[in-house]
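Enquirer: What follows is a single structure, and I will ask about it in a moment.
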Amino acid sequence: MIAWLVAGQGAEHAGMGLELARSYPPAAKYWERASEAASKNLLQVSELGGRSLLRTEYVQPALTAVALSAASFLRDEGVEPSLALGHSAGEIGALALSGHLGFEEAVHLSAMRGRAMAAAARAQPGGMAAVRGSEARLDEVLELGSRAGAIFRAGQTTADTHLVAGARAALRAAAAADRVSPLPVSGPWHSPLMQTAVAELRPLAESLIGDAGGTTTWVSNETADRGPTDAKQAVELVLSQLTRPIRLHRAIEFLLAEGTSEIVVLGPHHSLHHILKRHLDQRSTIRIHGSSSVEELRTIVRELA
């Protein structure tokens, strides 16, 4: 069984997606649509890298364009997944892969998601950190941070890697603990501090997201289970993900429990490859495929089509 895992914010790097965009016309179309929605030439942003590529309102639609360009190429060559999971912002791409919305609509929704989150972060400045250790260790870090400000559970990526999000003062206090590492993000993602982004994004999400179609099943970041095919339920999960913890660890475990033997990472794959390897230490028969270059995509076609 093939599963596609769509990369989210934090995986980006300079030059991502350029090779395919210059050689595969559908990819160029998705980048053009993403750039229109973001009011920025995102191919140029990717080419130059630097601070602009780290801006939430630019990097989210750019990552979606990269992922869906690769997905379109693979589908054109006969590679079709059974399951699609998105990491955080990658959930919009996973929804598109399951037929809840079109690819061009997905890059537009990603741009508006990034814009809404950036505005919410300006109103409620903060960030995120990773906490290595047990649930008890996480509770200690949250208690320490809460003495200085608002701090929340924001998710889990591996069995012993948890995420927290909150105000800057709270994160600074939490960072005094061992095995707490600040993350290079510009806002308190997946926390109640993003509530204004939900209200801003809701009308567009409701207008674009429809009932699922096709043979690929969406796996929800939040429930770590098969996502609903119903449009209204899908909208609620996509929006609530902005303010609630992501359950990437359990979602990956769900993919494996369903019998996944091949995982294709759509988009920059370095960070997700590291997370996946933590899950696959005892599962040597499961393969991870990157899709960051045309050669990698052709290799996937040779092996999986």
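Enquirer: If amide hydrogens are placed 1.01 Å from N in the peptide plane, which non-local residues have theirs closer than 5 Å to the one on Thr217?
Expert: Result for Thr217 returns Leu83, Ala84.
Enquirer: Now for a separate question. Kindly work out what percent of the DSSP beta bridges joining two residues of the chain are antiparallel, to the nearest 5.
Expert: Values: 17 of 33 bridges.
Roughly 50 percent of the beta bridges in the chain run antiparallel, per DSSP.
Enquirer: Then there is this: Please express the shape of the range 33-191 as an equivalent ellipsoid: the semi-axes are the square roots of 5 times the eigenvalues of the C-alpha gyration tensor, given largest first in whole angstrom.
Expert: Rounded to whole Å, the semi-axes are 32, 19, 12.
Enquirer: Follow-up question, since we're still on this one. Can you tell me the orientation of helix 270-279 relative to the chain, as the angle in degrees between its alpha-carbon axis and the longest Cα principal axis, to the nearest 10?
Expert: 80 degrees
Enquirer: Taking the dipole about the Cα centre of the range 126-182, with the C-beta of Lys and Arg at +1 and of Asp and Glu at -1, give me whichever of Gly127, Val180, Gly145 is farthest to the positive side.
Expert: Of Gly127, Val180, Gly145, it is Gly127.
Enquirer: Using only C-alpha positions, report the orientation-averaged shadow area of the convex hull of the range 177-305, nm², one decimal.
Expert: Numbers: hull surface 42.2 nm².
For the range 177-305, the mean projected area of the Cα convex hull comes to 10.6 nm².
Enquirer: At 222 nm, what helix-only mean residue ellipticity would the chain give, in deg cm²/dmol to the nearest 500, using -39500 (n - 2.57) for each DSSP H run of four or more? If you can, show how the numbers build up before the last one.
Expert: Details: 14 runs with 152 residues, N = 305.
Helix-only estimate at 222 nm: -15000 deg cm²/dmol.
Enquirer: Then there's this: Taking θ as phi - 60°, what are the ³J(HN,Hα) couplings along the range 183-199 by the Karplus curve (6.51, -1.76, 1.60), each to the nearest whole Hz, with x for Gly and Pro?
Expert: Values per residue, Gly and Pro as x: 9, x, 10, 9, x, x, 5, 6, 9, x, 5, 9, 4, 5, 5, 4, 4 Hz.
Enquirer: For Ser23 and Val301, compute 0.36 nm times the residue count separating them, minus their Cα-Cα distance, and round to one decimal in nm.
Expert: 98.4 nm
Enquirer: Against the 2.2 N^0.38 Å scaling, with N counting residues, where does the range 13-63 land? I'd like the Cα-based Rg ratio to two decimal places. Numbers along the way, then the final one.
Expert: On the way: Rg = 9.8 Å, N = 51, 2.2 N^0.38 = 9.8 Å.
Working it through for the range 13-63, the quotient is 1.00.
Enquirer: Hey, can you grab everything whose amide H is under 5 Å from the amide H of Gly155? Only 5+ residues off in sequence or another chain; H modelled, so Pro and N-termini drop out.
Expert: Hits under the 5 Å cutoff: Leu163, Ile246.
Enquirer: Compute the acute angle (0 to 90°) between the alpha-carbon long axis of helix 103-123 and the principal axis of greatest extent of the alpha-carbon atoms of the chain; round to the nearest 10°.
Expert: Approximately 20 degrees, to the nearest ten.
Enquirer: Relative contact order for the chain: what is it in percent, counting Cα pairs under 8 Å that are at least 6 residues apart?
Expert: Working: 672 pairs, mean separation 72.4, N = 305.
So the answer I get is 24 percent.
Enquirer: I would also like to ask the following. Using every alpha carbon pair in the range 128-190, what percent of pairs falls into each 5 Å bin from 0 up to the bin containing the largest distance?
Expert: 4, 23, 36, 26, 10, 1
Enquirer: How tilted is helix 56-76 with respect to the longest principal axis of the chain? Cα atoms for both, answer in degrees (0 to 90, nearest 10).
Expert: 30 degrees
Enquirer: Residue by residue through the range 151-165, what is 3J(HN,Hα) from phi via Karplus (6.51 cos²θ - 1.76 cosθ + 1.60, θ = phi - 60°)? Round to whole Hz and write x for glycine and proline.
Expert: So the J values, rounded to whole Hz, are 8, 9, 5, 10, x, 8, 10, 9, 4, 10, 10, 10, 10, 10, 9.
Enquirer: If you plug each phi of the range 200-208 into the Karplus form 6.51 cos²θ - 1.76 cosθ + 1.60 with θ = phi - 60°, what whole-Hz ³J(HN,Hα) values come out, in order, with x for Gly and Pro?
Expert: 3J(HN,Hα) across the range 200-208, in whole Hz: 5, 7, 3, x, 5, 4, 5, 7, 9.
Enquirer: How would you order 184-194, 121-131, 61-71, 224-234 from highest to lowest mean count of nearby Cβ atoms within 10 Å? Don't jump to the answer; show the numbers that get you there.
Expert: Values: 184-194: 22.5, 121-131: 19.3, 61-71: 31.8, 224-234: 16.6.
Top of the packing list down: 61-71, 184-194, 121-131, 224-234.
Each reported figure results from applying straightforward, stated rules to the coordinates on display, with no laboratory input. All values reported here derive from a predicted model rather than from experimental measurement. Using ideal geometry, Cβ is built from the backbone for each residue, glycine included, and neighbour counts are taken over all protein chains shown.
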